[in-house]
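Computed from the coordinates by the stated procedures, all read-outs in this text should not be read as laboratory data. None of the values given here were measured: they were computed from a predicted structure. All Cβ positions, glycine included, derive from the backbone under ideal geometry; neighbour counts span all protein chains shown.
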């Protein structure tokens, strides 16, 4: 499953949560989440291509190395944001691991979504 597609699926379920998707050694946020993260932190707002053919376009993206994610999450949650992590577990294009996402908290915090 493509990273951006997975992001959109989770974002639809949790629209009031900043969603980060793990991509290799990085966690990435997209669209309005990326703008928020960039504004609230020292991270650079970039864009990446998504889609194919006539549907190909660029979307906003902001990312950080996995080993730095805790400090950025702390900053965001201290400012009242909900943050969710999605770990992409793929091999050969097939998703592995649990199919259900963790429940979201009632207060700003950090669930891990798989």
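Bins of 10 Å, beginning at zero and ending with the bin holding the largest distance: percent of Cα pairs per bin for the stretch 1-79, please.
P(r) for the stretch 1-79, in whole percents per bin: 18, 54, 25, 4, 0.
Estimate the FRET efficiency between residue 2 and residue 47 by the formula 1/(1 + (r/R0)^6), using the beta-carbon distance for r and 22 Å for R0, to the nearest 0.05.
Details: r = 16 Å, r/R0 = 0.73.
That pair, residue 2 with residue 47, gives E of 0.85.
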